[in-house]
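Beneath this line is the structure, given in structure tokens, with notes to follow.
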Amino acid sequence: MIICGGDEAGRGALIGPLVVAIVSVRKSNEHKLAEIGVRDSKLLSRRRRENLYDAIKGIAQDVKVSKIYPKEINEAMRSGVSLNELEATHFAKLFDRLSGQVGSLYLDSPDVIAEKFGMRVNMLSKKPTRVKGISQKGVGTGSYTKVIAEHKADSKYPVVSAASIIAKVERDWEIDRIADEVGIDLGSGYPADAYTIGAIKENLKSEVLKRHIRQYWQTMDEIKQTRLVNF
């Protein structure tokens, strides 16, 4: 049986893409992920994550990655589409691209009610799925994928931890690429990073940086307001 896990990196960032990843493995190989040291990417150094990146791909049946760039995020926010909806859309697309019959899909849920995110993916996917914890009418008796959406799934299930590592490594590389492109030290791209905030404040008028920024975050409003007061 094949199982898979999905997670993201860059959800709360100001700069760069939100990266979502799905990793699928044969159930009989799941233990190998734990054996090589796979766990929640936030608990690992960048060097350790990058060392695990190829090892995960060697064990996995399949790895799918989608990068949601600021342009798409900004357009979604402007249109009233939530980040949860956008993320679920990309997870569903990745899941639909997986080959073979998947027994279970484990997702790290960003929704307050964890199962709600599973239902979002369920409704957007073209494959037959059932969401754990949700009573669903009209689901046939044939083969289907069980969707398990939980908070902190990246620390509970090795296959989700693997997806979190893949997503985080891909996002780190994207930030490196953007920094090289614009010639600015962007830090991690998160609002808690002084380098990130400094880079944005000093380059608010830069069109080359602007396309990499998520414009509808509260932190961006605060930065713009501060600039208006100071000038």
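Here, each number is a calculation from the coordinates, and none is a lab measurement. Since this is a predicted model, take the numbers as computed values, not measurements. For neighbour counting, all protein chains shown are included, and Cβ atoms are generated from backbone atoms with ideal geometry for every residue, glycine included.
Taking trypsin sites (Lys or Arg not before Pro) as exposed when DSSP calls them loop and at most 10 other C-beta atoms lie within 10 angstrom, the chain has its longest site-free stretch at 1-125.
Of 89, 129, 219, the sequence from fewest to most neighbouring Cβ atoms within 10 angstrom is 219, 89, 129.
Restricting the calculation to Cα atoms, the chain shows an Rg/Rh of 1.01 when the hydrodynamic-style radius is the Kirkwood one. If R0 is taken as 30 Å, the Cβ-Cβ distance between residue 219 and residue 45 corresponds to a FRET efficiency of 0.70.
Looking at the stretch 108-172, the pairs of alpha carbons with a distance over 19 Å make up 40% of the total.
Multiplying the residue separation of residue 101 and residue 143 by 0.36 nm and removing their Cα-Cα distance gives an extension gain of 14.3 nm. Extension gain, residue 31 to residue 136, is 34.6 nm, computed as 0.36 nm per intervening residue step minus the present C-alpha separation. This ranking places 134, 166 by how few other beta-carbon atoms lie within 10 Å of each, fewest first, which gives 134, 166. The radius of gyration of the Cα set in the stretch 177-221, together with its Dmax, comes out at 9.6, 26 angstrom.
Scanning the chain for DSSP H helices at least 24 Å long along the axis (C-alpha atoms) with a Kyte-Doolittle mean no lower than 0.0 picks out 158-182.
At 0.890 mPa s and 25 °C, plugging the Kirkwood radius over alpha-carbon pairs of the stretch 1-109 into Stokes-Einstein gives what diffusion coefficient in µm²/s? This corresponds to a translational diffusion coefficient of 164 µm²/s.
Distance between the pseudo-spin-label points of residue 85 and residue 192 (7 Å out from Cα toward the beta carbon): 2.9 nm. State the Cα centre-to-centre distance between the stretch 152-173 and the stretch 97-112 in whole Å. When both Cα centres are located, 13 Å separates them. In a fully extended conformation the segment linking residue 177 and residue 127 would gain 14.5 nm over its present Cα-Cα distance, using 0.36 nm per residue.
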